[in-house]
1. Helix 155-164 versus the longest principal axis of the chain: what angle, 0 to 90°, nearest 10, using Cα atoms?
2. Is the shape of region 17-82 rounded, prolate or oblate, going by the alpha carbon gyration tensor and its root eigenvalues a ≥ b ≥ c, with a/c under 1.5 for rounded and a/b larger than b/c for prolate?
3. Putting +1 on Lys and Arg Cβ atoms and -1 on Asp and Glu Cβ atoms, find which of ALA71, LEU42, TYR25 reaches farthest to the positive end of the dipole of the chain.
4. Using r as the Cβ-Cβ distance of VAL36 and ASP152, and R0 as 41 Å, what FRET efficiency do you calculate, to the nearest 0.05?
5. Could you work out the helix-only [θ] at 222 nm for the chain, with each DSSP H run of four or more residues adding -39,500 (n - 2.57) and the total divided by the number of residues, to the nearest 500 deg cm²/dmol?
6. Could you please report the charge total around HIS129, scoring K, R as +1 and D, E as -1 over all other residues with beta-carbon less than 14 angstrom from its beta-carbon?
7. Expressed as a rounded percentage, what relative contact order does the chain have, with Cα pairs under 8 Å and six or more residues apart?
8. Between helix 3-15 and the chain, what is the angle of the helix's C-alpha long axis to the longest principal axis, kept within 0 to 90° and rounded to the nearest 10?
Amino acid sequence: MSAGRRIALVKWARHHRAFVIEDDYDGEFRYDRQPVGALQRLDPERVIYAGSTSKTLAPGLRLGWLSAPGAMIGALAAAKEHADRGTSILDQLTLAGFIRGGAFDRHIRRMRGTYRRRRDELVQLVAAHPGGARLAGIAAGLHGVLYLPGPDADAERLRSRAAGNSVAVETLASYWRHPPDPCPQGLVIGFGTPAGHAYRPALRALMRLL
Ligand SMILES: Cc1ncc(COP(=O)(O)O)c(C=O)c1O
């Protein structure tokens, strides 16, 4: 959101005594401009900030954090305990040490470069492809959406053929929750996971199938 919209949103929350939940799950990986500051800074009493290591480290860690108004902390901690009996203390302390020692920041800086190069490679290959597919959602994060052109586009068929060539992508339809509206034909392409040596061949294989 633009600076003006962000300020308006916080003003709205104040006026209605509402809370904004800022789910900044991959805000560390913005590629084309300086990362925007958290909305939460504009009003820490009205904005609850949620962060996660799922994109910066690994989703299997199941570690994240909330920064919330002080009056809520007790209730939030109780809800969390009732939900899952808490998170591994050893994992939390290890992460805290990783952050405190500066290694987390270094890791994010390094990975931002790696993921930007992968993102750029994806953009270049799609742009060079004659089929007219359109890539979206690539300014940040670890995924792009590839919209397939034409009335005969069949994302599921492409996904299945890609899987047959050891390339795992998802269809946009697998994230679609608005039936009966038809889902656009597209693929969600994640570029965070493949090993460095496997990424380019995987993209090339996908472009051939496209
Ligand atoms: C909107 C949104 N919020 C948060 C997350 C992080 O989820 P988790 O930390 O449970 O892996 C994701 C993961 O992709 C997401 O898409």
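The values are calculated or read from the model by the stated rules, or taken from the named source; none is laboratory data. What you see is a predicted model; the values in this text were computed from it and never measured. Glycine gets a Cβ as well: all are built from the backbone with ideal geometry, and neighbour counts include every protein chain shown. Protein only, heavy atoms only, side chains kept; ligands, DNA and RNA dropped before computing areas. Shrake-Rupley method; radii C 1.70, N 1.55, O 1.52, S 1.80 Å.
1. 80 degrees
2. Cα axes put region 17-82 in the oblate bin.
3. Of the candidates, LEU42 comes out farthest on the positive side.
4. 0.55
5. Result for the chain: -13500 deg cm²/dmol, rounded to the nearest 500.
6. Neighbourhood net charge equals +2.
7. 16 percent
8. 40 degrees
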